[in-house]
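To start, the structure under review is shown below, and the notes come after it.
The values are calculated or read from the model by the stated rules, or taken from the named source; none is laboratory data. Owing to the predicted nature of the structure, the values given are computational and were not obtained by experimental measurement. Glycine gets a Cβ as well: all are built from the backbone with ideal geometry, and neighbour counts include every protein chain shown.
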Amino acid sequence: MMKWLVSLCLVFANACTTANTAGADEHAAPIKMAVRTDTRPFIWMNNASGEFLGFYWDICTEAIYRAGYQLETVEIGSAERKSILGTGRIGEQGVQQQPAKVASLTGAPPAANAPQEKVTEIDFLCDPTTITLQRMRSFPVEAGTPVLHFSQIVFVANSSFVKSKPGKDITRNEGKLPEDGPEPTCDCILPWIDHLGAVARGEPSPSHSCQTAWWPKKETVPTESAEDGENSGEEGLLENRQASFWDRFKIEFQFVPATPQQAKTEAPKDYEIWGYVEGSTIGDALNALLSKPPENRIGAKIVCSRSYTSHTAAARAFCDGELSRYYGDLDIVQASLADQRNQTRTECAMDPAPAGAGRYEPYAFVISSRTHPGLPEKIDLALYSMFQDGTIERLFAGHFPDTKMSDFLNTLFRINSIPAGTVLVTESEADPSVETAED
């Protein structure tokens with residue numbers, strides 16, 4: 001009997017040790033937090049120091065430390081962000097596909113030794129991500145339970161756009177289409193603009209199915225003798241092609257001097273280009289709107305959308321005159337444009353106030369329970385505590401010093417500041433007659 005009791009005690013002690021070790025191991029493994037580098041003022045990287053900064057950076061790191069974990073950062077862009085929202089991982093792919101040419105000839109399955117991209121498990125996405133029902137429905141499910149979770153809403157943003165103003169430089173965000181071209185579609189307009197830009201820079205332009213109808217035609221000229229002092233052969237052809245291009249260029253792109261005295265004689269434009277960052281909800285809404293006529297037209301103009309991999313790239317395109325409108329969270333858009341102006345020491349010609357009504361964008365963090373099963377609940381508790389003790393409101397004041405909190409954001413902060421709660425103890429906890437009281 002004594003032997004049996006000793007064995008039972010040993011089993012119980014082993015179970016307790018294993019449980020404690022498992023709990024310790026969970027907190028010993030660092031949280032892999034995916035971070036954006038270009039979403040100023042929420043989170044971005046200081047290129048000079050390599051440090052992460054921003055309102056979200058301070059919130060995310062504090063929440064993870066309050067939850068009792070260490071931190072490991074993983075830099076991401078829009079493509080990695082899309083992968084995380086779909087799988088919770090970076091680099092995960094489906095069945096490895098054969099190259100299209102090989103598959104069409106052989107129909108063979110992928111080779112067993114085909115190189116596989118490294119997969120990185122992400123525990124926490126620190127990014128201004130809009131919470132939507134569609135994203136919640138698309139989260140992966142394992143063993144009957146979703147492994148990705150949205151935190152409570154932590155911020156309410158306003159998404160809209162800024163619009164460029166005509167400047168004295170040539171712009172590529174609006175223009176007149178070739179009169180001899182076919183019915184305009186964005187599938188031809190965007191490559192045509194890229195073609196003109198490449199030719200202007202002296203760079204090779206990739207071929208496209210629209211080029212026979214849209215590209216400037218090559219024109220030959222009679223070969224002159226060398227003694228006449230004229231260009232001959234290939235030189236004459238090149239000179240003529242160059243002249244033909246510039247003649248068309250002057251017609252298709254309007255010069256608009258930005259002077260107050262200018263009479264409004266500007267020729268009507270036939271297209272506009274609107275830009276956004278890949279993976280944004282406003283980008284999805286924009287593409288849905290512009291998918292078919294008449295929504296994709298403003299009067300006689302056709303409107304085309306173009307995506308960019310980052311806000312840095314979108315802001316650069318806007319300031320370079322490639323976009324008529326730049327869509328996104330206005331805080332991020334304006335901060336990205338300010339950063340672009342500071343880097344280039346030039347001003348972007350833009351309307352000082354965004355036009356059009358904004359979109360309601362509730363932001364939340366995406367948290368995975370795949371590696372750390374209790375992480376979503378612990379992060380939620382940490383975030384609520386940060387709202388309750390005023391930490392997040394102080395961080396907002398520090399990162400948005402010249403911004404008045406909107407009524408919507410103020411209401412959200414008040415809602416998330418849930419009471420801490422109290423436990424009333426009048427006697428020793430060992431006394432069975434003691435009762436705790438809560439409302």
Answer yes or no as to whether S305 is crowded, with 19+ Cβ neighbours inside 10 Å and among the polar types (S, T, N, Q). yes
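Picking from R345, R325, which residue would you name as being surrounded by 19 or more Cβ atoms within 10 Å (Cβ to Cβ), of a type in the set (K, R) and not assigned by TED's automatic domain parsing to the domain that holds T411?
Working: R345 fails: surrounded by 19 or more Cβ atoms within 10 Å (Cβ to Cβ).
Matching residue, one of R345, R325: R325.
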Within segment 274-306, residues in contact with a strand residue (DSSP E or B) (Cβ under 9 Å, 6 or more places away or on another chain) and assigned to a loop (DSSP other than H, G, I, E, B) come out as E278, G279, S280, L290, P293, E295, N296
Yes or no: segment 389-397 includes at least one residue that is under 30 Å from N287 (Cβ atoms) and not β-branched (V, I, T). no
Output the residues belonging to segment 363-395 that are surrounded by 18 or more Cβ atoms within 10 Å (Cβ to Cβ) and of a type in the set (A, V, I, L, M, F, W, C). A364, F365, V366, I367, L375, I379, A382, L383, M386, F387, I392, L395
Out of segment 169-202, which residues are farther than 28 Å from E347 by Cα and either modelled with pLDDT of 80 or more or loosely packed, with under 14 Cβ neighbours inside 10 Å (or both)? E179, D180, P182, E183, T185, C186, D187, C188
Output for segment 42-85, where each listed residue is over 19 Å from A397 (Cβ atoms), surrounded by fewer than 20 Cβ atoms within 10 Å (Cβ to Cβ) and of a type in the set (D, E): E51, E72, E75
Please work out if L125 is closer than 24 Å to N287 by Cβ, outside any helix (DSSP H, G or I), modelled with pLDDT of 95 or more and hydrophobic (A, V, I, L, M, F, W, C). yes
Starting from segment 396-420, take each residue that is among the aliphatic types (A, V, I, L, M) and list its partners that are part of a helix (DSSP H, G or I), counting only C-beta distances under 6 angstrom and pairs at least six apart or across chains. I418/Y384; A420/Q388
